[in-house]
1. State, as an integer percentage, the relative contact order of the stretch 52-212 based on alpha-carbon contacts under 8 Å between residues 6 or more apart.
2. Could you go through the stretch 89-98 in sequence order and give the Karplus-derived ³J(HN,Hα) for each residue, using 6.51 cos²θ - 1.76 cosθ + 1.60 with θ = phi - 60°, rounded to whole Hz, and x for Gly and Pro?
3. So what are the three principal axis dimensions of the stretch 164-215 from its Cα atoms, in whole Å, longest to shortest?
4. Just to be sure I follow: if Rg is taken over the C-alpha atoms of the stretch 67-215 and Rh is the Kirkwood radius over the same atoms, what is Rg/Rh?
5. Report the net charge of residues surrounding L168, where surrounding means a beta-carbon distance below 11 angstrom and charges are Lys +1, Arg +1, Asp -1, Glu -1.
6. Can you list the residues, at least 5 places off or on another chain, whose amide H is less than 5 Å from the amide H of D118, using H built in the peptide plane?
7. Going by how many other beta carbons lie within 10 Å of each one, how would you line up V181, V195, fewest first?
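Please treat every number below as a calculation from the coordinates, not as lab data. Remember, it's a predicted structure, so these values are computed and weren't measured experimentally. FYI the Cβ positions are ideal-geometry reconstructions off the backbone, even for glycines, and counts take in every protein chain you see.
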Amino acid sequence: MKKILAMMMAVMMMFSLAACGNSNKETEAPTEAPTEAPTEAPTEAELAYKSAEELLKLLMDSYNATATDETKLYVSGGNINNFDTTNPEGPAKFVALEDADYDTNLGYPTADVAKLDDAASMFNMMNVNVFNCYAVHFTNSADVDAMAETIKANILNRQWICGSPEKLVIAKMPGDYLVVVWGAVEFGGIVDPFVASIADAVEGTTLLVEHSFAQ
């Protein structure tokens, strides 16, 4: 009799344990499937240009795409002191023979040449006061904004031949570039429409300097 009771109790305990196990499974919160980590945004937007020369070509092509035959941009590029590297039909990398060329050709301060690792230019071959534009790339992002005012001061201190230009504009471009433009505004000058086209050509452009010369 005792054996029978013991066996009955053992069977009841087994059913009881099974029931507890089922109860735990029913009340246990379902395990959520692991969610994928969000894809990180790139630290810097992919640029449509990889050099100062490519940047100027992009700006020239963007402007010329909507310009009339009378206002189209026809330029030469490079360093006029270094004819072997000058391009008579468009922008070109600026290859200096000496640091002073940056100031002579571009109006960029000689003392700050070490801050750059790339430069390019495009200009009116007949008279750079009509249209002159260059792009420079800085090795240190912290120098970009500060150098805009330094460049402005250096250009304003120049002794102009054949009259001074009418307007100076300096734009900050994505990728630690500055684009410097000066030239004529009145009587067919293209500085204003060219500058307006810059923002359309490159998203994220910021105008840091807009200066009109006293005539």
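1. Relative contact order of the stretch 52-212: 21 percent.
2. These are the phi-based 3J(HN,Hα) values: 10, x, x, 8, 4, 8, 10, 7, 7, 7 Hz.
3. Cα spread of the stretch 164-215 along its principal axes, largest to smallest: 34, 17, 10 Å.
4. Result: Rg/Rh = 0.93.
5. +1
6. So D118 has HN proximity to H137.
7. Result, fewest neighbours first: V195, V181.
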